[in-house]
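Here is the structure we will look at, set down as structure tokens.
The values are calculated or read from the model by the stated rules, or taken from the named source; none is laboratory data. From a predicted model like this one, the values you see are computed outputs, not experimental measurements. With ideal geometry, Cβ positions are generated from the backbone for all residues, glycine too; neighbour counts draw on all protein chains shown. When the accessible area is computed, the model is the full protein with side chains, heavy atoms only, and any ligands, DNA or RNA have been set aside. Shrake-Rupley method; radii C 1.70, N 1.55, O 1.52, S 1.80 Å.
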Amino acid sequence: MRLGVLDIGSNTVHLLVADAHPGGRPLATTSHRTVLRLMRYLTPTGAIDEEGIRALEDAVAEARETARREGVAELLATATSAVRDATNGELVIARIEEALGQPLQVLGGEDEARFTFLAVRRWLGWSAGQILLFDIGGGSLEIAAGADELPQLAASVPLGAGRMTVGYLPEDPPGEDAVERLRAHAEEVLAPAAAGFAALARPDHVAGSSKAIRSLARLAGYPVPGWSGSERLLLPRQALGSWIPRLARLPANARQELPGITPDRTFQIVAGAVVLHTAMRALDIDELEVSPWALREGVLLRYIEAMAWG
């Protein structure tokens, strides 16, 4: 059957359409993305303002129409930290559901981490052993670890690239002093989670998922041969760290000229780099591999699995 996953995140409203059947690999047919950067629409009280809600409604309605044209039999609609954490979240959810014409599943931070971990496990396979996962969104950073399909430990911390840009790097360019303030904040917020993950077995494989991490890997990482003609992308912590001062000195309109930095990420990429580098250092990680599968694929896989057992 043809399934759709609508991911309403802090930075984008992203529809993924895929053909799927129990026991098979989902095959993506369409990917439709609307860039919103919802952090721009937050009021001082933490609410999403009316302009932001209308932008969400328009993006959701457009995605709904795309799903209809693509012949989607079942649309799985999820929302993550931007909607979850807004002080007027109930109102925002009601407006989204009206535009969508169906209920919306609002994921908690640990649920985000679990769905994403499932997708990464399926992508890498059992031979990857103990996996440690980093996923940076606009509003939060998810970390998960384990040797099974569901993580042994999952955590979500409010260190998303969009949230940190608004809170710590509002100037363009931000400069190195602002970067150091963000780094100190990230270290403090990460400390309790890092202690929990340090108590687990040392990971056999470290993965990163999300558009921000993929962009940073294209900028500072390197490709290696994969399986079946595919290409794997690795990101060393040292190379990432060497890019941060340069990114902090460049204005946003110049960053998009760099390899891997797309226009929709140019404002948030400095904060994303600082948070990821700080998290890798806090958990003593030298290098990670980018996973092309993340939250949307995890939602699809869980639904397909339920179909199979049903």
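Of note:
- Cα lying deepest toward the dipole's positive end in the stretch 130-249, options Gln130, Tyr222, Leu190, charges on Cβ: Tyr222
- Taking the DSSP beta bridges with both ends in the chain, the antiparallel portion is around 70 percent.
- For the stretch 99-164 versus the stretch 208-225, the inter-centroid distance based on Cα atoms is 17 Å.
- Its DSSP H runs of at least 4 residues, each contributing -39,500 (n - 2.57), put the calculated 222 nm mean residue ellipticity of the chain at -14000 deg cm²/dmol, to the nearest 500.
- Relative contact order of the stretch 199-258, taken over Cα pairs closer than 8 Å and 6 or more residues apart, is 23 percent.
- Separation of the Glu257 and Arg25 label points, Cα + 7 Å toward Cβ, nm: 3.9
- The mean sequence distance of close C-alpha pairs (under 8 Å, at least 6 residues apart), as a share of the length of the stretch 109-197, puts its relative contact order at 24 percent.
- For the chain, the relative contact order is 19 percent, taking Cα pairs closer than 8 Å that sit 6 or more residues apart in sequence and dividing their mean separation by the residue count.
- Positive end of the dipole of the stretch 165-310 (Cβ unit charges, origin at the Cα centre): among Pro236, Ser209, His277, the Cα lying farthest that way belongs to Ser209.
- Computed from point charges on the beta carbon alone (+1 for Lys and Arg, -1 for Asp and Glu), the dipole magnitude for the stretch 202-282 about its Cα centre is near 180 Debye.
- Protein heavy-atom accessible surface, 1.4 Å probe, per residue over the chain: 43 Å².
- In this Cβ point-charge picture (+1 for Lys and Arg, -1 for Asp and Glu), the chain has a dipole of about 620 debye about its Cα centre.
- Global form of the stretch 56-202, assessed from the alpha-carbon gyration tensor, a/c cut-off 1.5: oblate
- Taking the protein heavy atoms of the chain in the context of the full set of protein chains, the accessible area attributed to carbon and sulfur is 51 percent at 1.4 Å.
- On the beta carbon distance between Arg2 and Leu153, with R0 = 30 Å, the FRET formula returns roughly 0.30.
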